[in-house]
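Reading through the structure tokens given below for one structure.
The values are calculated or read from the model by the stated rules, or taken from the named source; none is laboratory data. Everything quoted here is computed from the prediction, not taken from an experiment. Ideal geometry is used to build each Cβ from the backbone, glycine not excepted, and the neighbour counts take in all protein chains shown.
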Amino acid sequence: MKRRGRRGAPVLPVVVRDLLVNGVLASPVVPTRVRSAALQRLGLGVAAGVTVSPGCFFGGTDVRIGRGTFVNGGVLVDNQAAVTIGTNCAIGHRVQLITSFHEQGPSSRRAGAVRGAPVTIGDGCWIGAGAIVLPGVTVGDGCIIAAGAVVTRDCAPDGVYAGVPARRLRDLAADVA
């Protein structure tokens, strides 16, 4: 009996899925509409109207990307745990959404067992180029994360966050269009 995924589709072997998602579909010669539709068919939760640019890496299929979201080139989603990106978000060039971490091991090997914690990006967020969002973080609706920021803790909605580690710099009006 074949394994079945979401919507009853057969589950591809991981190696084949990775080759298609992170090799073929990551190529700049693949049209954007084809890329987004194919990612959806391969088990990623890519809603209608999502743009996924070339060069993105998805380490698994436990990804949900909301309608109207733009994912720029070189974005890395490691997928040790679930990643949810809301609607109408802009994810900048080379952003990293990291869901994996290591437990501390003994002195002979400090990087212990790998664990995962989900990352959630709320609706309407803008994540600047090169930002890193670490495991277990939720970025609230309407946030701006500055380029190069390292987000180590949850971000309350409608704020600008910047720095290493990222800190709230100012509040944003919730109704600004």
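Numerical summary
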item	result
A47 in contact (Cβ under 8 Å) with a residue 40 or more places away in the chain, surrounded by fewer than 18 Cβ atoms within 10 Å (Cβ to Cβ) and under 25 Å from A129 (Cβ atoms)	yes
Only listed residue being hydroxyl-bearing (S, T, Y), in contact with a Cys (Cβ under 7 Å, 6 or more places away or on another chain) and closer than 21 Å to G45 by Cβ, chosen from T138, T69	T69
Flag for V176 being at pLDDT 95 or above, surrounded by fewer than 21 Cβ atoms within 10 Å (Cβ to Cβ) and more than 13 Å from the chain's Cα centre (by Cα)	no
Residues that are under 22 Å from I132 (Cβ atoms) and of a type in the set (G, A, S), drawn from region 50-83	S53, G55, G59, G60, G66, G73, G74, A81, A82
Residue tally, condition of a type in the set (A, V, I, L, M), surrounded by 17 or more Cβ atoms within 10 Å (Cβ to Cβ) and in a helix (DSSP H, G or I), over region 11-44	3
Per-region count, region 24-43, residues touching a residue at least 12 places away in the same chain (Cβ under 8 Å) and over 20 Å from H93 (Cβ atoms)	4
